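The values are calculated or read from the model by the stated rules, or taken from the named source; none is laboratory data. Just so we're clear, the structure is a prediction, and the values are computed from it rather than from any experiment. Cβ: placed from backbone, ideal geometry, glycine included. Neighbour counts: every protein chain shown.
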Amino acid sequence: MQCPECKSKHIRKNGKNRQGKQNYICVNCERQFIENYEPHLGYSNEFKRECLKMYVNGMGLRAIERVKGVHHTTVITWVREVGELLPDTYEPEAIPQVGELDELETFIGHKKTRFGSGRQ
Ligand SMILES: [Zn+2]
């Protein structure tokens, strides 16, 4: 068990939340978090991160379930967990969608090509 913020192992118990889950607080940076941050249900943090990345990139929960073979309610649980751990200012909308990134790359690629051919 370590702090999700600064990775310090200097943590102590900090009461329980409304769902009866153990709360922890980091002695080092005073970050509060819940014990469920640790991997559970047999999935690794890496696997969870992949699923959550798909989710924030606009992929549907059913689609993630089909691709990753993880039940969509499990993904919802992870999304909620991460939501509790993230600062209030975090906005998933601020992360560019995959489609937008593609457009941007096409645009940059197009500009480069025009610039290159104009010089020759
Ligand atoms: Zn910390």
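Odds and ends about this structure:
- For segment 50-74, the set of residues classified as surrounded by fewer than 13 Cβ atoms within 10 Å (Cβ to Cβ) and of a type in the set (A, V, I, L, M) consists of V67 only.
- Segment 1-42, residues that are among the hydroxyl-bearing types (S, T, Y) and modelled with pLDDT under 80: Y37
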